[in-house]
Amino acid sequence: MSKIKTFEELEAKQRECSSCLAAKFKGEAGKRAVVLCGGTGCLSSNSAEIQEKFKKLIEEKGLCDRVTVNQVGCFGFCSQGPFVKIYPEDTLYRLVTIDDVEEIVEKDLIGGEVIERLLYVDPETKEKVAKQEDITFYKKQVRVALHGCGNINPEDINEALGDGAFQGLAKALKMDRADVIKEVLDSGLRGRGGGGFPTGRKWQFAYDQPDGEKYVVCNGDEGDPGAFMDRSILEGNPLAVIEGMAIAGYAIGAQNGYFYVRAEYPIAVNRLKLAIQQAEEIGLLGDNILGTDFSFRAHIRLGAGAFVCGEETALLNSIEGQRGMPRPRPPFPAVKGLWQCPTIVNNVESLACVPYILRNGAESITKYGTERSRGTKVFALGGKINNVGLVEIPMGVTLRELIYDIGGGIPGGKKFKAIQTGGPSGGCLTEKDLDTPIDFDNLVAKGSMMGSGGAIVMDEDNCMVDVAKFYMEFICDESCGKCSPCRIGTKRLLEYLEKITDGKATMKDLEELEELANTIKIGSLCALGQTAANPVLSTLASFRDEYIAHIEKKECPAKVCKNLMRYTIEQDKCFGCGVCARSCPVDAIQKTDYTAPGKKLPSYQIDSEKCVKCGMCLSSCKFKAIVKK
């Protein structure tokens, strides 16, 4: 791979690669292309094995000169993967298995016949949809941070160049550094990692520091339960993030950047390493990039899975080889960061937006969103939702649109109860908040936060006290222990929540729980500790009646908390088949002397003292004679 040394050579290379990419999409010279989702979700469902079978069959049938096979990044619609897309027809097949490959090759690639059983079926119209853009899940989405994901092979720099990679850096290198920062400021880009601090202002602070060693750090330590936004970007288009880091480095006068990525993301890490290597080989990282005096190198550091290292100063300590614990601020990292040098820390999504802004201009972002929250936001939509997946929506889209139009509503006709945004640092929003436009300030005003973009939907079967306890268990495990409000306070919060879910708490405990939660919020050292009590405070604000039911009535309205529920057999419905007794792991179900009218065999009953509330009996009874109370 020859090095690109000038702007003109880059433009020529991009035109060449763009033509090759367009040829794949348009099927020029009678060629067709098979692309498969190469994201973690689809790979865990045998996408790689499906790809290998395609290659094998295409070779066996002598189609290699007419059909290409490769992978792309995440399509986003995770609950419908693995995906296979056929170009130039743009036919999208979903839920593909290894057994489907031969049929796709024979009927579609050879016979030109669309396989209708593998098409997406619209749940409302019941019509089969062949093209991705016609699926409701995608219609309200706009890909800015996710640009290139699902279109290009993330392991091939030529496809990235054909899709516009490094046009933003080339444009930036022709501008004054201050003008690059102004472009980012004009775009209104705010940090997508959770804090929402204006990205351009952070860059300006570092730019204003005296010349010398400076650093750019990419925060890829994605620790929120259920979140996979950063992972998908790094897997789907790592060069976009590398380019964003290089632009930031040029803007503030840094020559080195560090990616801090979770070691639990092996696919993202390997593709990032490959992308850095390819960019160095072609001359787009290293010394005197494109013949200018700007030199920049990217390095990778792996995180060991500590949630607190998502906090920027703890992350910097970890890169330096110290224990990942937050530093008191000021000084802020833009003044004294990595090795006491000016450092900007941006998350993966923020940096992925930067090349898009430089390439297309600030107005390409400002046309989306609200006045104080410009652009788009990527969410990992999960939980009790039909369309689980990765979505990128313009700021200002409402929670109702996110949950029902894009997410497809709640499975099984269940009633929506809450959505937790912002992960453990966020809060629960309820039905009364569904028409709230999603942006940084609106979610904070409602008692939650944007966070990095996790969005977990809950239905009527969720106990909100149990939800608060789940997040508090996570926070207790992940607290670094540096400050006592977080180290001790969160443990006490968890003890209160355990008392409540065990049916042992009093109303005085509830008062103390709330008081302690507010104290932790005020007294903790870092943002993680300051937001640690949010799940408790937000559930108390919206679901206090559930807390009171646990305390005063000794019952869990959602029938989730084991110590406040019991399983019983309605004997008049029991046929006496004994399946429940045979499925019980602790022999808590015994035959009685009672035979229900119209039944031939004696019914059964459950010994509440022995019952461990595992639910095996409930799931095994086909007569629905067992109920949870």
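If the cut-off is 17 Å between C-alpha atoms, which lysines fall inside it for residue 384, apart from same-chain ones fewer than 8 positions away?
Within reach: 414, 415, 417, 559.
Note down the magnitude of the dipole of the chain about its Cα centre, charges +1 on Lys and Arg C-beta and -1 on Asp and Glu C-beta and zero elsewhere, to the nearest 20 debye.
Here the size comes out at about 1300 debye.
Go through segment 368-422 and name the trypsin sites (Lys or Arg not before Pro) that are in a DSSP coil and have 11 or fewer other Cβ atoms within 10 Å of their Cβ.
Here the trypsin sites (Lys or Arg not before Pro) that fit, given the DSSP loop and packing criteria, are 415.
For residue 126, what charge total do you get from the other residues with a beta carbon under 15 Å from its beta carbon, if Lys and Arg give +1 and Asp and Glu give -1? Walk me through the numbers before you get to the answer.
Working: positive: 117, 128; negative: 116, 122, 124, 127, 134.
Around residue 126, the charge tally is -3.
Can you give the helix-only mean residue ellipticity at 222 nm for the chain, where every DSSP H stretch with n ≥ 4 adds -39500 (n - 2.57) and the sum goes over all residues, rounded to the nearest 500 deg cm²/dmol?
The helix contribution divided over the chain gives -10500 deg cm²/dmol.
What ranking of 495, 183 emerges when the number of other C-beta atoms within 10 Å of each C-beta is taken as an exposure proxy, fewest first?
By the 10 Å Cβ count, ascending, the order reads 495, 183.
With unit charges on the beta carbons (Lys and Arg positive, Asp and Glu negative) and the dipole taken about the Cα centre of the chain, which residue among 393, 380, 17 sits farthest to the positive side?
With unit charges placed on the Cβ atoms, the residue in question is 380.
Convert each backbone phi in segment 68-78 into a coupling constant with the Karplus relation 6.51 cos²θ - 1.76 cosθ + 1.60 (shift: θ = phi - 60°), then list the ³J(HN,Hα) values in order as whole Hz, x for Gly and Pro.
10, 9, 7, 10, 10, x, 4, 7, x, 8, 4
For the chain, build the charge dipole from Cβ charges (+1 Lys, Arg; -1 Asp, Glu) around the Cα centre, then report which of 468, 449, 70 sits farthest towards its positive end.
So the residue we want is 468.
Just tell me, in residue order, which DSSP H segments of the chain are both 15 angstrom or longer along the helix axis (alpha-carbon based) and at least 1.0 in mean Kyte-Doolittle hydropathy.
238-252
Taking the number of other C-beta atoms within 10 Å as the exposure measure, put 77, 470 in order starting with the fewest. Please list the in-between numbers first.
Numbers: 77 24, 470 17.
Exposure proxy ranking, most exposed first: 470, 77.
Can you list the residues, at least 5 places off or on another chain, whose amide H is less than 5 Å from the amide H of residue 303, using H built in the peptide plane?
The answer is 261, 262, 263.
Where the centroid of each part is defined by its Cα atoms, how far is segment 254-298 from segment 1-58 in Å?
21 Å
Check which residues have an amide H placed less than 5 Å from residue 398's amide H, if you skip close sequence neighbours.
438
Could you tell me the relative contact order of segment 464-553? Use alpha-carbon pairs under 8 Å, at least six residues apart, and round to a whole percent.
Working: 100 pairs, mean separation 33.2, N = 90.
That works out to 37 percent.
Mind checking which aspartates and glutamates have their Cα closer than 18 Å to the Cα of residue 622? Skip sequence neighbours fewer than 8 apart in that chain.
Partners found: 570, 572.
Could you put 363, 609 in order, starting from the residue whose Cβ has the fewest other Cβ atoms within 10 Å?
So the residues, fewest neighbours to most, are 609, 363.
Of 493, 606, 347, which is farthest along the charge dipole of the chain in the positive direction, counting Lys and Arg as +1 and Asp and Glu as -1 at C-beta?
Comparing the listed Cα positions along the dipole, 606 ranks first.
What are the principal axis extents of the Cα atoms in segment 157-366, in Å, biggest first?
40, 37, 34
Every number in this text was worked out from the coordinates using simple rules, so none of it is lab data. The structure presented is a predicted model; accordingly, all values stated were derived computationally and were not measured. Every residue, glycine among them, receives a Cβ derived from its backbone with ideal geometry; neighbour counts consider all protein chains shown.
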